[in-house]
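The values are calculated or read from the model by the stated rules, or taken from the named source; none is laboratory data. Computed from a predicted structure; not experimentally measured. Heads up, the Cβs are rebuilt from the backbone with ideal geometry, glycines too, and the neighbour counts pull from every protein chain shown. Ligands, DNA and RNA are stripped out before the accessible areas are found, and what is left, the full protein with its side chains, is counted by its heavy atoms. Shrake-Rupley method; radii C 1.70, N 1.55, O 1.52, S 1.80 Å.
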Amino acid sequence: VCDTGDQQTTAAVLVKEPAATIVEMLKDVTSYEGEDAVFECRLSKETTQDAQWFLGDVPLQSNEMNEIRVQGARHTLILKKVTLEDCGSISFKVGQHSSVA
């Protein structure tokens, strides 16, 4: 606000978060049945943007079969005690960016 006594003007500041990019892509993982499979991605920065993991087209959430961790800019997916049915593509998406293994 700028106020001169008889005149006043106002303005607003809008700050947008720049989009995070994927700087460390997913790598293919081979595991034996019953072992855990660990996938990691690193972003260009910590972000509040929604990041999502997928097995095929199915979005994944942390539960008794999957563990999703975020430590700063590092995002980790652990598929626990994999079975043959877990074979397929894993993808990680944030904003307009994605990585597949």
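Taking θ as phi - 60°, what are the ³J(HN,Hα) couplings along region 74-87 by the Karplus curve (6.51, -1.76, 1.60), each to the nearest whole Hz, with x for Gly and Pro?
9, 10, 10, 10, 10, 8, 7, 6, 4, 10, 4, 5, 7, 4
So what J values fall out for region 4-10 if you push phi through Karplus, 6.51 cos²θ - 1.76 cosθ + 1.60 with θ = phi - 60°, rounded to Hz, Gly and Pro as x?
9, x, 9, 9, 9, 9, 10
How many percent of the accessible area of the chain is carbon or sulfur, using a 1.4 Å probe?
Answer for the chain: carbon and sulfur cover 49 percent of the accessible area.
Provide the packing ranking of 39-52, 63-76, 4-17, i.e. peptides ordered by the mean count of other C-beta atoms within 10 Å per residue, highest first.
Descending mean neighbour count gives 39-52, 63-76, 4-17.
Below 20 Å, Cα to Cα, which aspartates and glutamates can Lys27 reach? Residues fewer than 8 away in the same chain don't count.
Straight-distance partners of Lys27: Glu35, Asp36, Glu40, Asp57, Glu67, Glu85, Asp86.
Multiply the residue gap between Lys45 and Gln8 by 0.36 nm, knock off their C-alpha separation, and tell me the result in nm, one decimal place.
9.4 nm
Can you compute the FRET efficiency between Glu67 and Glu17 using 1/(1 + (r/R0)^6), with r the Cβ-Cβ distance and R0 = 25 Å? Round to the nearest 0.05.
That pair, Glu67 with Glu17, gives E of 0.40.
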